[in-house]
1. Which whole-number percent of Cα pairs in the range 148-256 have a distance greater than 22 Å?
2. Roughly what would the spin-label model give for A93 and S382, points 7 Å off Cα along C-beta, in nm?
3. Would you mind giving the average projected area, over all directions, of the Cα convex hull of the range 124-196 in nm² with one decimal?
4. Suppose a student asked you for the relative contact order of the range 14-444, using Cα pairs under 8 Å spaced at least 6 residues apart; what percent would you report?
5. Classify the range 58-109 as rounded, prolate or oblate from the Cα gyration tensor: take a ≥ b ≥ c as the square roots of its eigenvalues, call it rounded if a/c is under 1.5, otherwise prolate when a/b beats b/c and oblate if not.
6. Rounding to the nearest 20 debye, state how big the charge dipole of the range 46-110 is about its Cα centre with +1 on each Lys and Arg Cβ and -1 on each Asp and Glu Cβ.
7. With a Förster radius of 30 Å, plug the Cβ-Cβ distance of R178 and A37 into 1/(1 + (r/R0)^6) and report the FRET value to the nearest 0.05.
8. With the Cα gyration tensor of the range 14-444 giving a ≥ b ≥ c as the square roots of its eigenvalues, does the rule (a/c under 1.5 for rounded; else a/b larger than b/c for prolate; else oblate) give rounded, prolate or oblate?
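What follows is calculated from the coordinates using simple rules that are stated; it is not laboratory data. These numbers come from a predicted model, not from an experiment. Here the Cβ positions follow ideal geometry from the backbone for every residue, glycine too, while neighbour counts run over all protein chains shown.
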Amino acid sequence: MKAKINLSPVPTAIGSYRPDAIVIALLLIMTSLVTYAAGQMVDPILLKDFTEDVWFGSDIERVFSNMSVRTAPNARARVHPIFTLLAFPFVKAIRAIAQVPPATAVMILMAIATAIWVSLLYVTLRLIGCRRLDAAVFSVLSLSSAALMFWTTIPETYLFGSLSLLIPLFVVALSQVRELPPWTYVAASAFSLSITTTNWMAGILATWVNHTWKRTIVLTTTALSIVLGLWIIQSRIFTNTTFIGDIKGETNYILPEAAGGAIRVVLGLFLHPMVVPALRVIPSNRNQPEWPMLSVQSSLPGSGGIAGMIALALWIVLLGFGVWACWTVQQNAKLRLVLGLGVLGQLLLHLVYGEETFLYAIHIIPFLLLITAIATLTRFRSLVLGCAILLIVFAGVNNGEQFFHATEFLKNRGVLRQQVPQSRSHNLEPIATVLLSPEIRSIHE
């Protein structure tokens, strides 16, 4: 049985696209500039091997090398199948055209990808029936989120992984207003698999809600064949690629004690992506006491300050309206099904896998934003829109402050070495306490 199709968001005249084109152009310009500027705040020390895992357990040095050096070891192709093949040519092209060093080229690519991400979110919101103002508000809200603020400003796979999730959602939204050719689903499915293997769930779901089981299997198999073929090509170009590697090492991230249990994971998956709590420093997991790690896994939601508490309350209200709307509205049946199953899949995955749930914040945020935006299609539109506008302000203030603390953490690393024994004795220590210590204040003075 086919889902009810909502035709309202698709303009019928060419001229009616012009306002949306202007909004998209503004989003592209604003997002790319803001992302690039914020990326300049991050100390390039993160590009060194000895700071691996410092930024919430991420692999920045490895990813940066894979994006900019063809001969760099690529031992994670088993979980990021063709990320290097897709990212490296763009970085190389940017370096050749702009005549900039690798770090600048990578940051330019991150800024461009973020701009595409936000613009694609806007288009998806318009397709599901959101008014132009509403779509613009939720697109700007995404920029205020902790997910985008922390994970678009450093070289990592997560932004591209999030894009590989958002594209299938866009395809589902578009399929509700017009029939799409089979290659569209093959492309979306292949791309969802290409960056992070577990994100393939989005591509498979997008195909399944629009086809029979038999047709879904054929299209999904085709997508897999394409990625495997590109996988082989990647191994010929990037000769240090390892496809098998230490698979056993992945088991270290299955039900790890550091995750803190199901409640911590749920909070980290649904609340922290929008409103990051107070940052903490924890001992290095690589036996490097001079470089403790940033973490929010054990931080209480809204603990960043007054702005954080207000933002958290607004976000919970929006999530509540969104869940209710997804359960009650009639339109967007296909998308609502994919959103529900996608969130469930992400939840089940991270209840089992991963130490720092905040690592995957930008993977879940497109689902959460679309769920909350659906509430603007109900009679509570004005209230939902008002909460979203307020959330832009308070989440922006809270997340911006915590992002500043994170960048200061890197700049003041020499002083932070003195804090490691204390952080070990207490296991966890709020980073604000470290950053505001008299020793560091005296340095700035």
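1. Across the range 148-256, Cα pairs with separations above 22 Å total 43 percent.
2. 4.8 nm
3. 5.4 nm²
4. For the range 14-444, the relative contact order is 21 percent.
5. It comes out prolate by the Cα gyration axes.
6. 280 debye
7. Once the sixth-power term is evaluated, E becomes 0.20.
8. oblate
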